[in-house]
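We did not get these values from a lab; they are worked out from the coordinates using the rules stated. Quantities reported herein were computed from a predicted structural model and do not represent experimental measurements. Positions of Cβ are backbone-derived with ideal geometry, glycine not excepted, and every protein chain shown enters the neighbour counts.
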Ligand SMILES: Cc1ncc(COP(=O)(O)O)c(C=O)c1O
């Protein structure tokens, strides 16, 4: 008997990220030495200040149900962060603490999307936006950002994608997976398009904001275009910049009525966020920026190492990622060729599978992110692992015929 699932789950894509990691796990279980560059997770420990603060919070009995929207101390720390780092003034009722950035995205779409509403998601995109939009009955509309444009969203492409049914534009820069950023000029051009489309809300997912390279800095759309602030939801969190993925603390600032509706959804889904994790987040936000910057510098050096190696390999192109901790090389030059074990590389999924099975390097095919012909490698791994992974990848490419 087949198990009956809700209609809204019908037709949801199975993220290739999950299939690939299952395969990598199976190989590892057989004793194969697989190098995994598939995950989007910092390889640094969380700040000790956060660990200590969480421990102390537990000892002093801060273990009761927290307010749904976030503890006052964390809301205050987040308000200060938004003001100091992003030039954004948010009142406490315009801030929500969530169980990771992901829950905030879920809450926002659940609060606003009616069946048929369109969500513009520039591609390549982080896998969860279109899936969550679809779960709410929304229709994801992908706008391709091209390698020759450094994967930046072009204002003209955005203008062409907007329809009367558009409900949201998702702006995730620095971008997972391409590492693209948007500079002030890009944001101003996008803001001009948005001024002509007053029905469109903007989700600015800035979770990689501190990971920008070569001296470039992140700018928030709501600061560049303050006249649009009342329809921008600025999402951020502790996971990437503070290496706190497992703590599950995300935060956002946005228009009061939207935050209120999102809080109500959270209230019925999960209630407030773990008190100890919130105490840890307060402490981490108070640490000097030098800790974050040191991690960013390491990612930048690894990016340089990996991109230089990729660019020297046959059949590969690679735009220089300007932020985040991924490389997103093009592998169309390898398509149609045959691997040493006789696999035909018909597309990026076949490429990633063959690379895993034959060279024991796990990456994610670009089609998982809405852009075929690419693979994503995380550079959140040690130099030694990255060098070995590049050597394996190069050997794999050299044997393609
Ligand atoms: C672009 C982007 N946004 C949001 C998230 C979710 O982060 P969190 O761990 O805070 O839920 C991720 C995690 O990979 C991400 O890559």
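Listing 9, 285, 385, 153 from the residue with the fewest other Cβ atoms within 10 Å to the one with the most, what is the order? Can you show the working numbers first?
Details: 9 9, 285 22, 385 16, 153 26.
Ranked by crowding around the Cβ, least crowded first: 9, 385, 285, 153.
Per DSSP H run of at least 4 residues, take -39500 (n - 2.57); add these up for the chain, divide by its residues and hand me the 222 nm value, nearest 500 deg cm²/dmol.
When only DSSP H runs of four or more count, the value is -12000 deg cm²/dmol.
Using a 10 Å cut-off around each Cβ, can you sort 326, 129 from fewest to most neighbouring Cβ atoms?
Sorted ascending by nearby Cβ count, the order is 129, 326.
In whole angstrom, how far apart do the alpha carbon centroids of segment 79-111 and segment 378-393 sit?
After rounding, the separation between the Cα centres reads 35 Å.
Normalising by the residue count of segment 189-238, find the relative contact order in percent from Cα pairs under 8 Å and 6+ residues apart.
Values: 44 pairs, mean separation 23.8, N = 50.
Computed value for segment 189-238: 48 percent relative contact order.
One quarter of the convex hull surface, Cα atoms only: what value does that give for segment 48-287 in nm²?
On the way: hull surface 48.9 nm².
Average of the hull's projected areas for segment 48-287 equals 12.2 nm².
Got the relative contact order for the chain handy, in percent, Cα pairs under 8 Å and 6 or more residues apart?
Result for the chain is 23 percent.
Pop the C-beta distance of residue 89 and residue 340 into the FRET formula with R0 = 56 Å and round what comes out to the nearest 0.05. Walk me through the numbers before you get to the answer.
On the way: r = 59 Å, r/R0 = 1.05.
It comes out at approximately 0.40.
Would you please state which residues of segment 383-401 a label at residue 305 would reach in this model, taking the label point 7 Å out along Cα→Cβ and a backbone N cut-off of under 12 Å?
So the set is 383-391.
Calculate the translational D of segment 122-233 in whole µm² s⁻¹ from Stokes-Einstein, where the hydrodynamic radius comes from the Kirkwood formula applied to all Cα pairs, the temperature is 4 °C and the viscosity 1.567 mPa s.
After rounding, the answer is 91 µm²/s.
For residue 22 and residue 286, FRET efficiency with R0 = 56 Å and r from the beta-carbon atoms, rounded to 0.05?
Values: r = 39 Å, r/R0 = 0.70.
The computed FRET efficiency comes out at 0.90.
How much of the DSSP beta bridge set in the chain is antiparallel, as a percent to the nearest 5?
Of the beta bridges lying entirely in the chain, close to 45 percent run antiparallel.
Out of 308, 222, 50, any idea which swings most in a Gaussian network model of the chain, alpha carbons joined below 10 Å?
Top of the fluctuation ranking is 308.
Once Rh is set to the Kirkwood radius over Cα pairs, what Stokes-Einstein translational diffusion coefficient, in µm²/s, holds for segment 241-395 at a temperature of 4 °C and a viscosity of 1.567 mPa s?
For the chosen part, D equals 70 µm²/s.
Quote the relative contact order of segment 237-355 in percent (integer), defining contacts as alpha-carbon pairs under 8 Å separated by 6+ residues.
Numbers: 91 pairs, mean separation 14.7, N = 119.
The normalised contact order for segment 237-355 reaches 12 percent.
Please work out whether segment 1-136 counts as rounded, prolate or oblate from its C-alpha gyration tensor, where a ≥ b ≥ c are the square roots of the eigenvalues and a/c under 1.5 means rounded, while otherwise a/b larger than b/c means prolate and anything else oblate?
Because a/c hits 1.5 or more and a/b fails to exceed b/c, segment 1-136 counts as oblate.
Using Cβ counts within 10 Å as a stand-in for footprinting exposure, how do 387, 235 rank, fewest first? Mind dumping the intermediate values first?
Numbers: 387 14, 235 25.
Taking fewest neighbouring Cβ atoms as first place, the list is 387, 235.
Grab the beta carbon distance between residue 146 and residue 294, set R0 = 35 Å, and tell me the FRET efficiency rounded to 0.05.
0.60
Cα-based Rg (one decimal) and Dmax (whole number) for the chain, in Å?
Just the Cα atoms of the chain yield Rg and Dmax of 21.2, 65 Å.
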